[in-house]
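Chemist: What follows is a structure written as structure tokens; I'll ask about it next.
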Amino acid sequence: MKKQRTGKQKRKKAGKKTEKQNKQARKYLIPSLKGPLATGWQYIKDSRNYIYFTIITFVFFALIGFFNAKDFSYLDKLLAEIVQNTKNLQGMDLISFIFQNNLNMAFVSLFLGIILGIFPLISIMSNGVIIGYVISKVSSIAGFSEIWRLFPHGIFELPAIFISLGLGIRLGAFIFKKNRMQTLIERAYKSLLVFFLIIIPLLIIAAVIEGLLITLLK
């Protein structure tokens, strides 16, 4: 009986030791990702006013594009080129094309914001007008019921783009701070964390959803 108890006690101790070792391992491994990710999310929260500004500006220019579609008929050529570039793409090729386009836009919008936030502002206005124009064209040809096809991928894509634009504007606002260089370095570092840990995953999901939907609906 004593031997059995001793054996059980040893197994309990070994189990506790293993559990303790696992907890220590998680303690050192998880923060390696959790720390930067938490920093990125906090930076997004701190930048919410810039992000709200981009959303409001985008909606405003989308309404301009929608209600003044006749003034933007020159966009037909641009849209035709996009359709031409993607009409023969399916599956992974289409997903890759969409992801590359969105990734380039997000990266440029964010990091060219360093020039007083001018590029993100131009990007917000131009893309707002284009989206408004496209919605106007689709609704006039096929009715509002067809517009739902534009929205599923936007659930992930638009937040990623709005975050990029908002952070780009904030990055450019470093010029108005006293410690300009320190502010620029800090904001650039946190923007990189957000870009790699949050924006890119959102754009991957958006590209997969959009690519699959377009392929299925062709």
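Any read-out appearing in this document is the output of simple, stated calculations on the displayed coordinates, not a laboratory observation. Keep in mind that this is a model prediction, so the values were computed, not measured. For neighbour counting, all protein chains shown are included, and Cβ atoms are generated from backbone atoms with ideal geometry for every residue, glycine included.
Chemist: Can you tell me the relative contact order of region 54-187? Whole percent, Cα pairs under 8 Å, sequence separation 6 or more.
Modeler: 39
Chemist: For LEU89 paired with PHE176, estimate the spin-label separation in nm (one decimal), with each label point 7 Å from Cα along the Cα-to-Cβ line.
Modeler: 3.7
Chemist: Can you list, largest first and rounded to whole Å, the semi-axes you get for region 47-217 by taking the square root of 5 times each eigenvalue of its Cα gyration tensor?
Modeler: Calculated on Cα positions only, the semi-axes equal 30, 20, 13 Å.
Chemist: Under a point-charge model restricted to the Cβ atoms of Lys and Arg (+1) and Asp and Glu (-1), what is the dipole moment magnitude of region 165-218 relative to its Cα centre, in debye to the nearest 20?
Modeler: Roughly 340 debye, rounded to the nearest 20.
Chemist: What does the charge count around PHE111 come to, taking other residues whose C-beta lies under 14 Å from its C-beta (Lys +1, Arg +1, Asp -1, Glu -1)?
Modeler: +3
Chemist: If each residue of separation counts as 0.36 nm, what is the full-extension length gain between ASN101 and LEU79 once their alpha-carbon separation is subtracted?
Modeler: Result: 6.5 nm gained on full extension.
Chemist: Note the full-extension length gain between TYR52 and SER139 as 0.36 nm times their separation in residues minus their Cα-Cα distance, in nm to one decimal.
Modeler: Taking 0.36 nm per residue and subtracting the Cα distance, the gain is 28.6 nm.
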